[in-house]
1. Yes or no: the range B:191-198 includes at least one residue that is in contact with a helix residue (DSSP H, G or I) (Cβ under 6 Å, 6 or more places away or on another chain) and under 11 Å from B:Ala121 (Cβ atoms).
2. Starting from the range B:257-272, keep only residues that are farther than 14 Å from A:Phe233 by Cα, then list their pairs with residues that are surrounded by fewer than 24 Cβ atoms within 10 Å (Cβ to Cβ) and of a type in the set (Asp, Glu) whose Cβ atoms are within a distance under 9 Å, requiring at least 6 positions of separation or different chains.
3. Restricting attention to the range B:38-50, does a residue exist that is modelled with pLDDT under 85, part of a helix (DSSP H, G or I) and within 14 Å of chain A (Cβ to nearest Cβ)?
4. Determine which member of the set A:Pro139, A:Pro153 is within 11 Å of another protein chain (Cβ to nearest Cβ) and buried (at least 23 other Cβ atoms within 10 Å of the Cβ).
5. Limited to the range A:129-155, what total is found for residues that are part of a helix (DSSP H, G or I) and more than 16 Å from the chain's Cα centre (by Cα)?
6. Can B:Tyr65 be described as over 29 Å from the mean Cα position of the chain (by Cα) and either part of a helix (DSSP H, G or I) or within 14 Å of another protein chain (Cβ to nearest Cβ) (or both)?
7. Please give the number of the condition A:Val215 fails out of (1) modelled with pLDDT of 90 or more; (2) away from chain B (no Cβ under 14 Å); (3) within 26 Å of B:Asn144 (Cβ to Cβ); (4) surrounded by fewer than 24 Cβ atoms within 10 Å (Cβ to Cβ).
8. Return the residue satisfying two criteria in turn: it lies in the range B:227-260 and is at the interface with chain A (Cβ under 10 Å from one of its Cβ atoms) and over 14 Å from the mean Cα position of the chain (by Cα), and of such residues it is nearest to B:Gln84 (Cα to Cα).
Amino acid sequence: MSAMLSTQPPSPAADAGPWRRAARRLRRRRGALIGGAVVLLFIALALFAPWIAPQDPIATSWGAIRKAPSAAHWFGTDEIGRDVLSRVVWGTRASLLAGLVSVAISLALGVPIGLAAGFLGGVVDGLISRITDAFLACPFLILAIALAAFLGPSLTNAMIAIGVSATPIFVRLTRAQVLNILVEDFVEAARAVGNPPLRIALRHVLPNITAPLVVQATLAIASAVIAEASLSFLGLGQQPPAPSWGSMLNTAKNFIDNAPWMAVWPGLAIFALVLSFNLLGDGLRDALDPRQR
Amino acid sequence: MLDYLVKRLLSIVPTLVFVSMLIFGLQQLLPGDPAKILAGEDQDPTVVAYLRAKLHLDEPLPLRYAYWVGGVLKGDLGESVRTQQPVLGLIAQKLPVTVELALLAFAIALTIGIPAGIVSAVGRGTAWDYGANLFALWGLSTPNFWLGILMILLFSVQLGWLPASGYVSPFEDLGANLRAMIMPAFVLGNAIAAVLMRHTRSAMLQVLASDYVRTARAKGLSERSVVLKHALRNALTPIITLGALELGTLLSGAVLTEQVFTIPGFGKLIVDSVFNRDYAVVQGVVLVTASAYITLNLLADLAYFAVNPRLRS
């Protein structure tokens with residue numbers, strides 16, 4: 001009403017949509033920008049691994065076993081003479097894929113279930129909430145280990161295990177957001193003009209709960225990358241000889257006294273990728289939901 | 001108080017029922033005949049027939065679940081295919097080692113996380129705040145198994161101060177026990193310290209902005225007294241409650257930490273069982289972990305209720 005009565009032209013900030021305002025806020029956060037840039041760098045590493053990696057990541061060389069970093073092997077070689085740099089570059093694929101696919105699984109399962117719980121309420125909500133509580137009672141990694149153990153060790157099963165284990169967080173978040181939105185006037189108005197429930201859920205509720213879901217998804221990718229590395233470290237993720245940062249660390253721990261470089265680089269790669277997603281997630285939270293700052 | 005207690009106790013019943021269904025359901029994920037898979041590599045026909053009868057595999061699914069739950073309620077979590085020992089006995093044998101590791105890790109997390117959070121909140125926007133936030137980001141982003149390997153490299157390989165692996169019971173030699181546990185406990189406590197720091201910072205910021213703290217300052221009390229006596233006391237309640245819920249992180253982390261430092265605890269048990277295809281042990285470990293988590297969650301809720309007079313009224 002006041003905007004209608006105002007004779008002043010609207011300011012650019014007020015004129016821009018919420019996403020554009022969030023993008024502007026995000027650009028002001030240096031940590032988030034650095035995090036985003038490093039994530040993009042890792043995506044480029046994963047996409048262009050065949051061209052970036054100096055050598056074949058699974059080619060063994062018995063003449064170059066456990067060689068310290070040198071001009072020929074910048075990150076050194078491992079216990080069967082494979083180039084550590086090439087394996088770290090190719091390992092980016094497993095980690096990023098696991099991070100993105102697991103969170104996609106969690107979103108694909110968690111958002112519709114959370115929407116159903118929040119929107120339908122009653123018995124459906126009660127049932128979904130109790131099942132979610134049961135999943136949340138099992139520590140994330142222990143549930144993922146159990147699922148990966150029963151499904152069999154492989155990268156695909158690790159991604160399914162991580163995705164399913166992280167689903168309850170998205171169910172809870174979606175449900176809570178839906179319950180907040182359902183009391184808003186615009187939802188009441190949409191109901192009053194005769195929109196069917198499914199249309200209200202998809203056209204009016206879902207777009208309004210996207211921001212917290214994007215934030216949670218970014219932070220969940222960081223957890224999923226650590227979880228994949230953990231499962232691979234335990235031998236339940238990517239299987240040898242395919243390169244994965246977690247399995248590289250598992251081998252490296254046996255040679256820590258005479259080839260420490262084997263442990264340094266894959267660990268540093270996990271740390272850098274997870275830190276970047278965390279920085280980006282924190283920045284997105286501040287940009288998309290300033291109330292939580 | 002009694003009403004709340006009964007209501008809260010009853011609320012965990014459906015959760016426990018669904019947890020049991022979830023864990024029983026894990027068995028259904030096994031591809032093929034569970035009896036053959038559970039019998040191990042040899043697939044001895046006698047063992048397969050024994051398992052088929054014991055697990056009631058010829059019965060319908062709901063009946064099998066009822067048999068399984070019946071067994072669990074009587075303390076029968078099955079037998080280890082590998083060692084033929086009861087699963088509950090195996091878990092009871094390994095649990096104290098992990099409990100010691102978790103308690104030491106939690107003590108380290110409290111010692112680092114709470115002071116870091118206080119310093120960060122009191123010096124909001126200063127270099128201290130910046131440093132504490134960096135520490136939290138570091139703690140949340142470092143995989144603990146990598147930190148463990150790096151610490152072994154520094155303190156065991158390079159300096160030779162601490163043993164790289166192994167476990168000595170505290171009842172045999174307390175000094176040797178602490179020397180073996182200090183690195184794993186630090187590695188495990190590091191991530192929790194980061195979470196506690198963030199909780200402490202936000203709880204302290206909220207309390208420091210409240211009216212009664214302003215009154216305490218207006219009375220002329222020293223800043224130290226305002227922060228430590230007036231603000232921290234009220235901020236601690238949510239911190240401890242939220243901290244107690246980090247048990248899940250502790251147990252998940254223990255799996256990896258015990259693997260790195262070769263500690264014969266609960267976490268190593270689940271990993272060894274996975275590779276020995278000892279599925280009953282895997283199920284048992286998940287069940288015990290989930291039950292412990294639910295119990296601790298309940299205790300944390302009750303503690304919060306007990307210390308918060310507004311909730312009691």
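The values are calculated or read from the model by the stated rules, or taken from the named source; none is laboratory data. It should be emphasised that the depicted structure is a prediction, and the values quoted were computed from it without experimental measurement. Quick reminder, even Gly has a Cβ in these numbers, built from the backbone with ideal geometry, and neighbours come from all protein chains shown.
1. Yes, the range B:191-198 has at least one match.
2. Listed by first residue and then by second, the contacts come to B:Gly265/B:Glu100.
3. Yes - at least one qualifying residue is present in the range B:38-50.
4. Numbers: A:Pro153 fails: buried (at least 23 other Cβ atoms within 10 Å of the Cβ).
Within the list A:Pro139, A:Pro153, the selection yields A:Pro139.
5. Qualifying residue count, the range A:129-155: 18.
6. Details: over 29 Å from the mean Cα position of the chain (by Cα): no; either part of a helix (DSSP H, G or I) or within 14 Å of another protein chain (Cβ to nearest Cβ) (or both): yes.
In short, no.
7. Checking A:Val215 against (1) modelled with pLDDT of 90 or more; (2) away from chain B (no Cβ under 14 Å); (3) within 26 Å of B:Asn144 (Cβ to Cβ); (4) surrounded by fewer than 24 Cβ atoms within 10 Å (Cβ to Cβ), the one that fails is (1).
8. The selected residue is B:Gln259.
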